[in-house]
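*Asks:* Handing you this structure, nothing more for now.
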Amino acid sequence: MSEVSIREVPPSAPTETGPRRFTLRQRIILRIIIGLGYWVIRIIGPTMRVCISREDGAQETIGQRPLIGSFWHACIIPATYMCRNLGVRVMSSNSYDGEYMGRIIRKFGFVAVKGSSSRNAVRALLGLRRALGDGWSVAFTLDGPRGPRYKVKPGPVALARSSCVPLTMFHMAVDRAWVLNTWDRLIIPKPFSRVLMRFGKLIPVPSDASDEELERYTAELQASLDRVRNFAEANVSKVGTTEFPVLQ
């Protein structure tokens, strides 16, 4: 019955990359971070005790596509494991931080489209729109790459209007985790921790929505992300009960 046991292995897809050079020291650090990050996710991921919960009208399966997904940067590690090998297209920052995160998630079957909320955003959004047209889902860590924390940016809503693909959102709460002292308070689940993944109701955005209406949909997305985060954090301790059974 597990959703995570049924996986699509995406075909090889070209990643949008541009010429970018790093110093020898940066390349060495990149290799260390990428290797460490990959093995942390690969070793801890299978031990997580995960329950998936949904609001009425939410997506039916993790692999449902095409959808425009949003979640907070803090839960990128458990999200990477849960959404692995689905061919999800993600916006990857051109920054040094974005480079190592992009390389890690590619090892788990994600496809990075270069850009960020501040640089090359138009090019990246066009790439994500093409991916939606080809039937793939795309995802945003909405408060990345540098915050402000838990604050929605308008990219997904504009993309939903231009593509006629609905918005989806989720949060992953972890009952036992290492929390890094970073801007996003990055969560690294401890082995065998409980995890509650809560999906919010899909939000369709009409293709003829005005700019003023886009602001309303952006506020709705913010409210939905806040709501699923509050629900997940309030109920994660119940994972493993009859109310919130663990995926098998």
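The values are calculated or read from the model by the stated rules, or taken from the named source; none is laboratory data. Computed from a predicted model, the values in this text were never measured in an experiment. Quick reminder, even Gly has a Cβ in these numbers, built from the backbone with ideal geometry, and neighbours come from all protein chains shown. For the accessible areas, the whole protein counts, side chains as well, though only heavy atoms, and no ligand, DNA or RNA atoms are used. Shrake-Rupley method; radii C 1.70, N 1.55, O 1.52, S 1.80 Å.
*Asks:* Return the total of residues in region 46-59 being closer than 12 Å to GLY200 by Cα and not in a strand (DSSP E or B). It would help to see each step written out before you state the result.
*Replies:* Restricting attention to region 46-59, the residues satisfying the condition of being closer than 12 Å to GLY200 by Cα are 52-59.
Then drop every residue that is not not in a strand (DSSP E or B), which leaves 55-57, 59.
Within region 46-59, residues that are closer than 12 Å to GLY200 by Cα and not in a strand (DSSP E or B) number 4.
*Asks:* Hey, another quick one. Could you tell me whether any residue of region 156-166 is of a type in the set (Ser, Thr, Tyr), part of a helix (DSSP H, G or I) and touching a strand residue (DSSP E or B) at 6+ places or on another chain (Cβ under 7 Å)?
*Replies:* So in region 156-166, the residues of a type in the set (Ser, Thr, Tyr) come out as 162-163.
Filter once more, keeping what is part of a helix (DSSP H, G or I): 162-163.
From the residues that got through so far, the ones that are touching a strand residue (DSSP E or B) at 6+ places or on another chain (Cβ under 7 Å) too are none.
Checked region 156-166: no residue is of a type in the set (Ser, Thr, Tyr), part of a helix (DSSP H, G or I) and touching a strand residue (DSSP E or B) at 6+ places or on another chain (Cβ under 7 Å).
*Asks:* How many residues are of a type in the set (S, T, N, Q) and free of Cβ contacts under 8 Å to residues at least 12 places away in the same chain when one looks only at region 32-71? Spell out how you get there, then give the answer.
*Replies:* Within region 32-71, the first condition is being of a type in the set (S, T, N, Q), and the residues that meet it are 47, 53, 59, 61, 64, 70.
Of the ones still in play, those that are also free of Cβ contacts under 8 Å to residues at least 12 places away in the same chain are none.
The qualifying residues number 0.
*Asks:* Which of the residues spanning region 106-135 are modelled with pLDDT of 75 or more, touching a helix residue (DSSP H, G or I) at 6+ places or on another chain (Cβ under 9 Å) and open to solvent by 20 Å² or more (accessible area, probe 1.4 Å)?
*Replies:* Filtering region 106-135 for residues modelled with pLDDT of 75 or more gives 106-113, 122-135.
Applying the additional criterion that residues be touching a helix residue (DSSP H, G or I) at 6+ places or on another chain (Cβ under 9 Å) yields 107-108, 110-113, 124-125, 128-129, 132-133.
Result: LYS107, PHE110, LEU125, ARG129, GLY133.
*Asks:* For region 21-30, give me the residue count where each residue is open to solvent by 50 Å² or more (accessible area, probe 1.4 Å) and either closer than 17 Å to CYS75 by Cα or in a helix (DSSP H, G or I) (or both).
*Replies:* Here is the first cut: in region 21-30, the residues open to solvent by 50 Å² or more (accessible area, probe 1.4 Å) are 21, 23-29.
Cutting the leftovers down to either closer than 17 Å to CYS75 by Cα or in a helix (DSSP H, G or I) (or both) gives us 24-29.
Result for region 21-30: 6.
Table: residues versus (1) under 25 Å from PHE110 (Cβ atoms); (2) open to solvent by less than 30 Å² (accessible area, probe 1.4 Å); (3) not hydroxyl-bearing (Ser, Thr, Tyr).
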{"site": "THR141", "(1), (2), (3)": "yes, no, no"}
{"site": "TYR150", "(1), (2), (3)": "yes, no, no"}
{"site": "PRO166", "(1), (2), (3)": "yes, no, yes"}
{"site": "ALA173", "(1), (2), (3)": "yes, yes, yes"}
{"site": "VAL179", "(1), (2), (3)": "yes, no, yes"}
{"site": "LEU196", "(1), (2), (3)": "yes, yes, yes"}
{"site": "ALA219", "(1), (2), (3)": "no, no, yes"}
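*Asks:* A further question follows. Hey, among ILE43, ILE62, ILE76, ILE33, which residue is at negative phi, part of a helix (DSSP H, G or I) and open to solvent by less than 30 Å² (accessible area, probe 1.4 Å)? Steps first, answer last, please.
*Replies:* Working: ILE43 fails: open to solvent by less than 30 Å² (accessible area, probe 1.4 Å); ILE62 fails: part of a helix (DSSP H, G or I); ILE33 fails: open to solvent by less than 30 Å² (accessible area, probe 1.4 Å).
Sole residue among the options that is at negative phi, part of a helix (DSSP H, G or I) and open to solvent by less than 30 Å² (accessible area, probe 1.4 Å): ILE76.
*Asks:* Could you grab me the full set of residues in region 14-42 that are at pLDDT below 90 and under 19 Å from the mean Cα position of the chain (by Cα)?
*Replies:* Within region 14-42, THR15, GLU16 qualify.
So that you can scan it fast, the table gives a plain yes or no per residue for (1) in contact with a Gly (Cβ under 6 Å, 6 or more places away or on another chain); (2) β-branched (Val, Ile, Thr); (3) modelled with pLDDT under 95; (4) more than 20 Å from GLY45 (Cα to Cα):
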residue	(1), (2), (3), (4)
GLY147	no, no, yes, yes
ALA173	no, no, no, no
VAL179	no, yes, no, no
ALA209	no, no, no, yes
GLU212	no, no, yes, yes
TYR217	no, no, no, yes
PHE244	no, no, no, no
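*Asks:* Aliphatic (A, V, I, L, M) and over 15 Å from ARG54 (Cα atoms), is that true of VAL236? Don't jump to the end; show me each part of the working.
*Replies:* On the way: aliphatic (A, V, I, L, M): yes; over 15 Å from ARG54 (Cα atoms): no.
So VAL236 does not fit the description; no.
*Asks:* From the residues in region 220-247 that are in a helix (DSSP H, G or I) and farther than 14 Å from LYS201 by Cα, which one is nearest to the chain's Cα centre (by Cα)? Before you say what the answer is, go through the steps one by one.
*Replies:* Here is the first cut: in region 220-247, the ones in a helix (DSSP H, G or I) are 220-238.
From the residues that got through so far, the ones that are farther than 14 Å from LYS201 by Cα too are 230, 232-238.
Values: ASN230: 17, ALA232: 16, GLU233: 17, ALA234: 21, ASN235: 21, VAL236: 19, SER237: 23, LYS238: 24 Å.
Taking the candidates together, the pick is ALA232.
*Asks:* Sort out which residues of region 157-179 are touching a residue at least 60 places away in the same chain (Cβ under 8 Å) and over 30 Å from LYS238 (Cβ atoms), and write them in order of number.
*Replies:* Hits for region 157-179 are VAL157, LEU159, ALA160, SER163, VAL165.
*Asks:* Kindly indicate which of MET91, MET101 is open to solvent by 20 Å² or more (accessible area, probe 1.4 Å), of a type in the set (A, V, I, L, M, F, W, C), modelled with pLDDT under 90 and not in a helix (DSSP H, G or I). Explain how you work it out, then say what you get.
*Replies:* On the way: MET101 fails: not in a helix (DSSP H, G or I).
Result of the check over MET91, MET101: MET91.
*Asks:* Exactly one of these conditions fails for TRP183: (1) modelled with pLDDT of 95 or more; (2) in contact with a Pro (Cβ under 9 Å, 6 or more places away or on another chain). Give me its number.
*Replies:* Here TRP183 clears every test but (1).
*Asks:* Condition first: of a type in the set (Phe, Trp, Tyr) and either in a strand (DSSP E or B) or under 19 Å from ARG49 (Cα atoms) (or both). Can you find one or more residues in region 185-199 that meet it?
*Replies:* Our first condition is that a residue be of a type in the set (Phe, Trp, Tyr); within region 185-199, this holds for 192, 199.
From what's left, either in a strand (DSSP E or B) or under 19 Å from ARG49 (Cα atoms) (or both): 192, 199.
Within region 185-199, one or more residues are of a type in the set (Phe, Trp, Tyr) and either in a strand (DSSP E or B) or under 19 Å from ARG49 (Cα atoms) (or both).
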